[in-house]
1. Against the condition loosely packed, with under 11 Cβ neighbours inside 10 Å and either at pLDDT 95 or above or not charged (D, E, K, R) (or both), how does THR57 come out, does it pass?
2. Quickly run through the stretch 37-46 and pick out the residues that are within 12 Å of the chain's Cα centre (by Cα) and surrounded by fewer than 17 Cβ atoms within 10 Å (Cβ to Cβ).
3. Just one of the numbered conditions (1) in contact with a helix residue (DSSP H, G or I) (Cβ under 9 Å, 6 or more places away or on another chain); (2) closer than 11 Å to VAL74 by Cβ; (3) part of a strand (DSSP E or B) is not true of GLU15; which one?
4. Kindly provide the set of residues from the stretch 29-82 that are in a helix (DSSP H, G or I) and in contact with an Asp or Glu (Cβ under 8 Å, 6 or more places away or on another chain), ordered by number.
5. So which pairs qualify, if the first residue must be in the stretch 4-29 and loosely packed, with under 10 Cβ neighbours inside 10 Å, the second must be assigned to a loop (DSSP other than H, G, I, E, B) and modelled with pLDDT under 90, the Cβ gap must be under 9 Å, and the two must be at least 6 apart or on different chains?
Amino acid sequence: MATTKTASKSTTKTEVKIGISDSTRELNFECESTQSEVIAKVNEAIKSSGVLALSDTKGREVLVPASKISYVEVGESSDRRVGFANQ
């Protein structure tokens with residue numbers, strides 16, 4: 001029986017990690033925004049001393065006070081692989 005791979009979604013997801021000051025944990029989530037959009041929102045929040053607001057892929061809102069942001073890591077999300085086979 002032959003199998004075919006289905007085409008992956010054409011939407012690019014961005015992985016975001018936000019370090020919070022005075023906290024040992026980081027926020028880690030995926031969003032539909034591009035890397036440049038996320039960076040622009042981070043810069044604007046820090047510049048205005050406001051709140052960074054991002055939406056994740058599950059529709060939840062992530063809000064972080066700009067004064068508590070230690071670092072932000074932004075990168076393209078990769079597909080999760082399951083199993084041990086080499087491809």
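The values are calculated or read from the model by the stated rules, or taken from the named source; none is laboratory data. Bear in mind the structure is a predicted one, so any value in this text is a computation, not a measurement. In this analysis, Cβ positions are derived from the backbone assuming ideal geometry, glycine residues included, and neighbour counts consider all displayed protein chains.
1. When the stated conditions are applied, THR57 does not pass them.
2. Those that are within 12 Å of the chain's Cα centre (by Cα) and surrounded by fewer than 17 Cβ atoms within 10 Å (Cβ to Cβ): GLU37, ILE39.
3. (1)
4. Passing the criteria: GLN35, LYS68.
5. Partner pairs satisfying both residue conditions: SER8/ASP79.
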